[in-house]
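First comes the structure, then the notes that go with it.
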Amino acid sequence: MTENNIRTVLISGGSVAGPALAFWLHHHGFAPTIVERAPELRDGGYAVDFRGEALDVLDRMGLLQQIEALDTQMGDAALVDADGRQYATLPAAMFAGDLEVLKGDLTRMLYEATRENVEYVFGDSIATLEQDEDGVLVTFERGAPRRFDLVVGADGLHSRTRALVFGPEEEFVRHLGIYTAIFNLDNYLGLQNTGRLYTAPGKAANIFTARANTEARAAFHFAAEGLEYDRRDPAAHKRIIAERFADEGWEVPRLLKEMDTAQEFFFDANAQVEMDTWSAGRVVLLGDAGYCAGPSSGRGTSQALIGAYLLAGELATCHGDHATAFAAYEQHMRPYVTEHQALGREGAQHFFLPAPSQEILDALVANATTTRTTPVRLHDYTTA
Ligand SMILES: Cc1cc2nc3c(=O)[nH]c(=O)nc-3n(C[C@H](O)[C@H](O)[C@H](O)COP(=O)(O)OP(=O)(O)OC[C@H]3O[C@@H](n4cnc5c(N)ncnc54)[C@H](O)[C@@H]3O)c2cc1C
C-alpha cells in the first residue's frame, strides 16, 4: 500500500502506455483498472521501435530480455523504382531504432506482465466522467458506473478521455499532411529481414518482412490535407488508397489487391497532439492521448513507456497530492516530448522525396540518428 490516500486508478486504453502505467502503479501499491475498447488483445500490427531510455524502463520492468527476443531483426532496406530496380539503401538504423517489435507483440508482453495484478475490462469505454473533491464518478458504455480516485487517459490519438475532459479533438490534434495505411500479407517476394520502398511525388509504398520472414507488412502513404471520411469504415479507407495509387508502378497493383483481403488493416492521418497542460483535476493524459509526436518521430512507444514510468513514480512519492505529481510528471516529460514533436514535423516534411539519391539519404540518416534527444531523467522511484 502507498502511504497516500490515492488507491484506485482507472486507465482508459490497454495498448502500450496503459499497461505500462498499470505495471508501475501496481508496483507502487496502487490498484489499477484498465478499460480497453477493443473486445480482445490485438495481435500483430505494424512495427514500432524503441530508443534510448525506453530500453532502460523495459530493463527496470524486468522485460528487456523478453522484448529483445521479439526483435524483428530488421536489416537495411532498398529503395526501388517503378520497374523494381534498386537504386539506394536505407540503413535499418533510420527506421528500426535500437530495437523494433510488432506493436501487438509489445502489447501482449505488457498484458502478460500485468494480467495477474491488474483488472482488465475489454470491450468497454468511458462514457462520462464527473469529478468531485474526493474522486471521479465514471459511467461506461456497457458496465455499471464506478468511482475511482484518479483517471488516466491512455487511449491514443483519438482519446475519448481527452475529448470528455479537455475539449474536442480539433483543438489539439495537428495533422501532419500525411495519411498512412498498413496491412498484413504473405511475404510473397521472399524477402529476408528487409524491406522495399517505392516513392513517387507525394506518395510512397513499401513492404517489410515480419515474424521471421513468414509474413510481411505493407504500407501506403500519401500527402493530403484534411480529408473527410468515416474513421470507422475500412472499405472507404481502401477506396481512398486504391484511387490514389491506381497508376503507380513497382508492386503497387499487387499490393492493392492484397490490401483488399488483408485480415489486419490500419488507416489514419499522421498527426500530433499539442496541449498546454496534460491534466485537469483528477484526470491526466499519458502517451499519444496527451502528446502524440506522430509516426515520423519514431518516438511514440518510447514516450509512452517513459511517461508511464514517471507518472506512476511521481504518484507514488506525492503523499496524496496528485496535482503535484501531475505537475512533476509534466515537467520531466515536456522537454523530451517537445523535441520529439519537432523531429516528427521534420520527418513529415522529408517524407516524400521522389527518388532520393544515396547522398541525400545518407545525409538524412546522419541527421536523424545523431544523438540529440533531450535526455529524460529516470528518477529512482523504487526506493520511495
Ligand atoms: C503507422 C504507425 C507507425 C508507427 N511507428 C512507430 C515507430 O516505429 N516507433 C514508435 O516509437 N512509435 C511508432 N508509432 C507510434 C506508436 O504506435 C504510438 O506512439 C504508441 O502506440 C502510443 O501508445 P499509446 O498506448 O499511447 O496509444 P495507442 O497505442 O494508440 O493505444 C491506445 C489504446 O486505447 C484504446 N482506446 C481507444 N479509444 C478508447 C476508448 N474510448 N476506451 C477505451 N480504450 C480506448 C485503443 O484501442 C488502444 O488500445 C507508429 C504509429 C503509427 C500509426
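Overview of values
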| read-out | value |
| --- | --- |
| Distance in nm between pseudo-label sites at L64 and R115 (7 Å out along the Cβ direction from Cα) | 2.6 |
| Within straight-line cross-link reach of K238, aspartates and glutamates at Cα separation under 19 Å, skipping those fewer than 8 residues along the same chain | D186, E225, E228, D230, D247, E248, E251, E258, D260, E264, D268 |
| At 1.306 mPa s and 10 °C, Stokes diffusion of region 1-114 via Kirkwood alpha-carbon radius, µm² per second | 98 |
| Burial ordering of S357, S15, fewest other beta-carbon atoms within 10 Å first | S357, S15 |
| The chain: angle of helix 103-114 to the longest principal axis, Cα-based, in degrees nearest 10 | 20 |
| Length released on extending from Y188 to H158, taking residue separation times 0.36 nm less the Cα-Cα span | 7.4 nm |
| Efficiency of FRET between E228 and T324 - r from beta-carbon atoms, R0 41 angstrom, step 0.05 | 0.45 |
| 5 angstrom amide H check on G97, placed H, neighbours 5+ away | none |
| Computed over region 250-343: relative contact order in percent, which uses C-alpha pairs under 8 Å that are six or more apart | 24 |
| The chain: calculated mean residue ellipticity at 222 nm from DSSP helix runs of at least 4, using -39500 (n - 2.57) | -10000 deg cm²/dmol |
| Distance in nm between pseudo-label sites at R146 and Q331 (7 Å out along the Cβ direction from Cα) | 3.3 |
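Read-outs throughout are calculated quantities, based only on the coordinates presented, and are distinct from any laboratory measurement. Bear in mind that the values here come from a model prediction, so they are computed numbers and not experimental data. Positions of Cβ are backbone-derived with ideal geometry, glycine not excepted, and every protein chain shown enters the neighbour counts.
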